[in-house]
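The values are calculated or read from the model by the stated rules, or taken from the named source; none is laboratory data. Quantities reported herein were computed from a predicted structural model and do not represent experimental measurements. Heads up, the Cβs are rebuilt from the backbone with ideal geometry, glycines too, and the neighbour counts pull from every protein chain shown.
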Amino acid sequence: MIASHLVVPADITVSWSDIAGLDTVIQELRESVVLPVQHKDLFKRSKLWQAPKGVLLHGPPGCGKTLIAKATAKEAGMRFINLDVAILTDKWYGESQKLTSAVFSLAAKIEPCIIFIDEIDSFLRSRNLNDHEATAMMKTQFMMLWDGLSTNNNSTVIVMGATNRPQDLDKAIVRRMPAQFHIGLPSEKQRGDILKLILQSEEISQDVDLNRLSKLTNGFSGSDLREMCRNASVFRMRQLIETSRDQSGSGLGVPVLNRTNVNITMDD
Ligand code: ATP
């Protein structure tokens, strides 16, 4: 297994409609990545406007970096290799060298393709004197293979990295990622949009005030908001199960649960 995951566009389950509150980032990714891939012949006419070979998504955990990367691949019709950094760093140097070149040559064969590296800083952090020689050589090899992509303008392979710690990245890596997007904690308005999206197909109590909920959740990431809604839904299901047990008396009653009676309620 050379990469932890290889996904074809048809199997990517998320699209831009599954992302809320990040319209500006989406618009910029549409222009910088999706359009050049979808209209390759048109874009070939200009050397000035090509899909970037590197894209960096940075920001705190749970704010949608992985979601955006996958959705971009889906929208652009690109294959998606989710490269697990641990696979490279856990191997002996010779082996990780082979794996790295295998990933790049696979990507070139199946292009257009995104090689996605989550926590890219853990692999391509600033070089320092304490670096093991093998680590330093691996980084150099990675960069050489990456540069090889730029010499072939017909192939669209993009390395897309995500990190919570952009400051730890090697400057040489940052230079190779000219398209950079900060995906920060959502604002109150963005939290409202995310909540609406998460709850769009749920049955929620009439007393739930999403505006107030957005206000109260300052500091929550998209992932925290999803978890909060999930917990509320589980809480309500438990209540319904308890009620149904009490009504049947024996505790053996089978609760009838469906989406229409799973509510989210707000406590003051
Ligand atoms: P990490 O740095 O921990 O890898 P991340 O920034 O890559 O985090 P994701 O894995 O993309 O975060 O997001 C986790 C989950 O949170 C998503 O699968 C989604 O359910 C939800 N989520 C986060 N941000 C958004 C958003 N803007 N719109 C809708 N859902 C979101």
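So, in the range 31-72, exactly how many residues are within 13 Å of the ligand (Cβ to nearest atom), among the hydrophobic types (A, V, I, L, M, F, W, C) and within 26 Å of A102 (Cβ to Cβ)?
3
Just to be sure before I move on: is N154 more than 16 Å from the ligand (Cβ to nearest atom), among the polar types (S, T, N, Q) and either surrounded by fewer than 12 Cβ atoms within 10 Å (Cβ to Cβ) or at pLDDT 90 or above (or both) in the structure I sent?
Working: more than 16 Å from the ligand (Cβ to nearest atom): yes; among the polar types (S, T, N, Q): yes; either surrounded by fewer than 12 Cβ atoms within 10 Å (Cβ to Cβ) or at pLDDT 90 or above (or both): yes.
Criteria met by N154.
Kindly indicate the residue of the range 207-233 that is of a type in the set (S, T, N, Q) and either on the phi > 0 side of the Ramachandran plot or part of a loop (DSSP other than H, G, I, E, B) (or both) and also nearest to the ligand (Cβ to nearest atom) among those meeting that condition.
Per the stated criteria, the residue is S221.
What do you reckon, is L88 closer than 27 Å to F220 by Cβ and surrounded by 18 or more Cβ atoms within 10 Å (Cβ to Cβ)?
no
K74 - would you say it is crowded, with 20+ Cβ neighbours inside 10 Å and farther than 23 Å from V174 by Cβ? Walk me through how you get there before you give the answer.
Values: crowded, with 20+ Cβ neighbours inside 10 Å: yes; farther than 23 Å from V174 by Cβ: yes.
When the stated conditions are applied, K74 passes them.
Can you tell me which residues in the range 168-206 are away from the ligand (no atom under 12 Å from the Cβ) and assigned to a strand (DSSP E or B)?
Within the range 168-206, L169, A179, Q180 qualify.
Here is a yes/no grid of residues against (1) over 20 Å from A107 (Cα atoms); (2) at pLDDT 90 or above; (3) in a strand (DSSP E or B):
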{"position": "L6", "(1), (2), (3)": "no, no, yes"}
{"position": "T13", "(1), (2), (3)": "yes, no, no"}
{"position": "L42", "(1), (2), (3)": "yes, no, no"}
{"position": "S46", "(1), (2), (3)": "yes, no, no"}
{"position": "P52", "(1), (2), (3)": "no, no, no"}
{"position": "L56", "(1), (2), (3)": "no, yes, yes"}
{"position": "I68", "(1), (2), (3)": "no, yes, no"}
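Could you check the range 188-232 and list, in sequence order, the residues that are free of Cβ contacts under 8 Å to residues at least 12 places away in the same chain and within 19 Å of G64 (Cβ to Cβ)?
Residues satisfying the conditions are Q200, E227, M228, R230.
Can R236 be described as more than 11 Å from the ligand (Cβ to nearest atom), without any contact (Cβ under 8 Å) to a residue 40 or more places away in the chain and closer than 24 Å to V33 by Cα? It would help to see each step written out before you state the result.
Values: more than 11 Å from the ligand (Cβ to nearest atom): yes; without any contact (Cβ under 8 Å) to a residue 40 or more places away in the chain: yes; closer than 24 Å to V33 by Cα: no.
Answer is no for this residue.
Would you confirm whether any residue within the range 174-190 is over 30 Å from D121 (Cα atoms) and either surrounded by fewer than 18 Cβ atoms within 10 Å (Cβ to Cβ) or more than 17 Å from the chain's Cα centre (by Cα) (or both)? Can you show your working first?
First pass over the range 174-190, keeping only residues over 30 Å from D121 (Cα atoms): 189.
Checking which are either surrounded by fewer than 18 Cβ atoms within 10 Å (Cβ to Cβ) or more than 17 Å from the chain's Cα centre (by Cα) (or both) leaves us with 189.
Checked the range 174-190: at least one residue is over 30 Å from D121 (Cα atoms) and either surrounded by fewer than 18 Cβ atoms within 10 Å (Cβ to Cβ) or more than 17 Å from the chain's Cα centre (by Cα) (or both).
Could you check L83 against (1) of a type in the set (A, V, I, L, M, F, W, C); (2) buried (at least 20 other Cβ atoms within 10 Å of the Cβ); (3) without any contact (Cβ under 8 Å) to a residue 40 or more places away in the chain and say which number it fails?
(3)
From the residues in the range 104-121 that are buried (at least 20 other Cβ atoms within 10 Å of the Cβ) and assigned to a helix (DSSP H, G or I), which one is farthest from the ligand (Cβ to nearest atom)?
The residue in question is F104.
Output the number of the condition that R165 fails; it satisfies all remaining conditions of (1) surrounded by fewer than 16 Cβ atoms within 10 Å (Cβ to Cβ); (2) away from the ligand (no atom under 16 Å from the Cβ).
(2)
Of the residues that sit in the range 40-59 and are more than 12 Å from the chain's Cα centre (by Cα) and closer than 19 Å to D118 by Cβ, which one is surrounded by the fewest Cβ atoms within 10 Å (Cβ to Cβ)?
P52
Can you name the residue in the range 60-71 that is among the hydrophobic types (A, V, I, L, M, F, W, C), crowded, with 22+ Cβ neighbours inside 10 Å and out of contact with any strand residue (DSSP E or B) (no Cβ under 8 Å at 6 or more places or on another chain) and is also farthest from A20 (Cα to Cα) among such residues?
A71
Assess whether M177 counts as being at pLDDT 90 or above and either on the phi > 0 side of the Ramachandran plot or in contact with a Leu (Cβ under 8 Å, 6 or more places away or on another chain) (or both).
Taking the combined requirement at face value, the residue satisfies it.
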